[in-house]
Amino acid sequence: GVDVQLKPTGSPGGRTTRKLKTDGEGRFESYELIPGDWIVTATHGAFLKLEPHRRPLEKDADKVSVKLYLDPGLVIGGIVTTEDGARLAKASVLVTGRSASGSWKKRWATTDGQGRFRLTGFERGTYTLLARRSGYRNRRVKELYGGEESLRVLLKKR
């Protein structure tokens with residue numbers, strides 16, 4: 001389910017961009033491509049956008065193989081607990097903020113049965129986490145930078 005784009009660059013003209021999706025094995029195929037240079041990009045959900053991959057397609061090429069990698073980026077994760085240390089399932093966790101490069105990030109999750117959450121796709125930056133659940137006071141954690149994987153967020157009863 002990864003989005004792959006094949007975009008022609010340079011000559012010859014008359015080529016068009018192709019948009020594809022990978023199969024369950026992470027593979028994709030495109031047929032009857034006109035030789036020349038192609039820019040190949042892959043994007044998927046919260047993964048970081050990587051530099052496009054430039055790939056020449058030779059005139060007599062029967063098959064060309066390209067390996068693309070996705071970068072999960074930095075993680076912000078941990079557990080949400082009550083004052084007595086019980087882990088809270090079904091708490092909402094929202095992380096917002098700006099990466100050091102200036103791009104706006106917004107990710108959210110619901111804690112699992114063990115109160116755990118894990119959000120990916122962050123670059124170094126400055127982020128704020130908001131945790132909430134019905135019957136509890138909202139909790140805001142400021143000045144996260146990306147890479148905090150063992151947070152403990154405590155929610156107090158109303």
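Structure above, values below:
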read-out	value
Debye, to nearest 20: dipole size of segment 24-81, +1 on Lys, Arg Cβ, -1 on Asp, Glu Cβ	200
Segment 102-158, relative contact order in percent, only Cα pairs under 8 angstrom and at least six apart counted	28
All aspartates and glutamates inside 12 Å of LYS21 as judged from Cα atoms, apart from same-chain residues fewer than 8 positions distant	ASP3, GLU29
Cα convex hull of segment 1-95 - mean projected area over all directions, nm²	8.8
GLU123 accessible area, 1.4 Å probe, all protein chains in place, Å² to nearest 10	60
Listed pairs LYS19/LYS106; LYS106/LYS156; LYS90/LYS157; LYS90/LYS156 exceeding 19 Å between Cα atoms	LYS19/LYS106; LYS106/LYS156
Under-5 Å amide H pairs with LEU88, H placed in peptide plane, nonlocal only	VAL80, THR81, THR82
Given charges at Cβ of Lys, Arg, Asp, Glu: segment 25-125 dipole, positive-most of THR43, LEU33, SER65	THR43
ARG139 - accessible surface, heavy atoms, 1.4 Å probe, Å² rounded to 10	90
Net charge over other residues, Cβ less than 12 angstrom from the Cβ of ARG118 (K, R count +1; D, E count -1)	-1
Charge dipole magnitude, Cβ of K and R +1, D and E -1 - segment 15-158, Cα centre, debye nearest 20	1120
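The values are calculated or read from the model by the stated rules, or taken from the named source; none is laboratory data. This is a predicted model, so every value here is computed, not measured. Positions of Cβ are backbone-derived with ideal geometry, glycine not excepted, and every protein chain shown enters the neighbour counts. Heads up: the accessible areas ignore ligands, DNA and RNA and are worked out on the full protein's heavy atoms, side chains in. Shrake-Rupley method; radii C 1.70, N 1.55, O 1.52, S 1.80 Å.
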